[in-house]
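Each remark here refers to the structure printed beneath this line.
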Amino acid sequence: MSQNRPLKERIKLSILIKLLKLFFLIEKHLLKIKSINYPKEQFLLSMWHCHQCLVYGIKDKSKFYALISASNDGEIIAKAAECLNIKSVRGSTKRRGVAASLELIDKLKDGNSAAIMVDGPRGPKGKVKDGIINIAKISGVPIIPVAWKSKDKSFFTFNTWDKFQVPFGPCKTVALYGEPIHVPADLSKDDVKIWCEKIENEMSRLESDLENNYDKYLKM
């Protein structure tokens, strides 16, 4: 935490981080995630901003990084997530974007997996930004789209721009992973938008699949 911040702000952030860590540690034992088609090889996870909490279900967190905004909110989440052994690379489109992308590429080239909230941190909701395409192109790591759902009443949706979803208390969820999408190393800048739409379409397909087959997947 930067010492350049005013003392009151540092105290506030410290308190929020401790509270969120406590919540994460409690929820770790109450949240049940049924993972369907979980990737067997290294991956670059494409997930919506509202589904951040599905990273609870990452199986090998020792080799996993999440790209998290460099904002104050991002700092709270990143610091608190450390209690779950989730490491982060800090940056977004407007703050440390290039540096964060380069750092994440290095992590991927070292054999780690990663997750990117592809419509975050400020939206628009459900629109894939080009960062994940460029990172996959350079690193050679396949993109894995994912969808997440729960029917439990303890799965809350907040009235935020992304309709952020958080499990509170005992909660059963399903995470449905798609097939690997390999971005060509020679992909032209003109075709990046086409690949963003390709990822969007696959994530929409997974969400429809999960909507229609949730109960079946939960029993698998």
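The values are calculated or read from the model by the stated rules, or taken from the named source; none is laboratory data. Not measured: the values here are computed from a predicted model. Positions of Cβ are backbone-derived with ideal geometry, glycine not excepted, and every protein chain shown enters the neighbour counts. What goes into the accessible areas is simple: the full protein's heavy atoms, side chains included, and nothing from ligands, DNA or RNA. Shrake-Rupley method; radii C 1.70, N 1.55, O 1.52, S 1.80 Å.
Restricting attention to the range 81-95, and to residues there that are small (Gly, Ala, Ser) and at pLDDT below 90, which single residue is surrounded by the most Cβ atoms within 10 Å (Cβ to Cβ)? For the range 81-95, the residue satisfying everything is Gly91.
Mind telling me which of the residues Lys129, Lys125 ends up being touching a Lys or Arg at 6+ places or on another chain (Cβ under 8 Å), farther than 17 Å from Gly57 by Cβ and part of a loop (DSSP other than H, G, I, E, B)?
Lys125
Candidates Ser150, Ser154, Ser139: the one that is within 14 Å of Cys53 (Cα to Cα) and either surrounded by 19 or more Cβ atoms within 10 Å (Cβ to Cβ) or charged (D, E, K, R) (or both) is Ser150.
Yes/no matrix, rows are residues, columns are (1) part of a loop (DSSP other than H, G, I, E, B); (2) touching a residue at least 12 places away in the same chain (Cβ under 8 Å):
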site: Val98; (1), (2): no, no
site: Leu108; (1), (2): no, yes
site: Ala115; (1), (2): no, yes
site: Asp152; (1), (2): yes, yes
site: Trp161; (1), (2): yes, yes
site: Leu176; (1), (2): no, yes
site: Val183; (1), (2): yes, yes
site: Leu187; (1), (2): yes, yes
site: Asp190; (1), (2): no, no
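Yes/no per residue for (1) at pLDDT below 95; (2) under 29 Å from Asp106 (Cα atoms); (3) touching a helix residue (DSSP H, G or I) at 6+ places or on another chain (Cβ under 8 Å):
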position: Pro124; (1), (2), (3): yes, yes, no
position: Val128; (1), (2), (3): no, yes, yes
position: Gly131; (1), (2), (3): yes, yes, yes
position: Ile144; (1), (2), (3): no, yes, no
position: Ser150; (1), (2), (3): no, no, no
position: Phe155; (1), (2), (3): no, no, no
position: Phe158; (1), (2), (3): yes, no, no
position: Lys172; (1), (2), (3): no, no, yes
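Among the residues of the range 43-97 satisfying the criterion of being more than 22 Å from Thr157 (Cα to Cα) and β-branched (Val, Ile, Thr), which is farthest from the chain's Cα centre (by Cα)? Checked the range 43-97; the qualifying residue farthest from the chain's Cα centre (by Cα) is Thr93. Of all the numbered requirements in (1) without any contact (Cβ under 8 Å) to a residue 40 or more places away in the chain; (2) under 30 Å from His29 (Cβ atoms), Lys198 misses one, and that requirement is (2).
Filtered by the rule that a residue be over 13 Å from Lys151 (Cβ atoms) and either open to solvent by less than 80 Å² (accessible area, probe 1.4 Å) or among the hydroxyl-bearing types (Ser, Thr, Tyr) (or both), the range 201-220 gives Glu202, Met203, Ser204, Leu206, Glu207, Ser208, Asp209.
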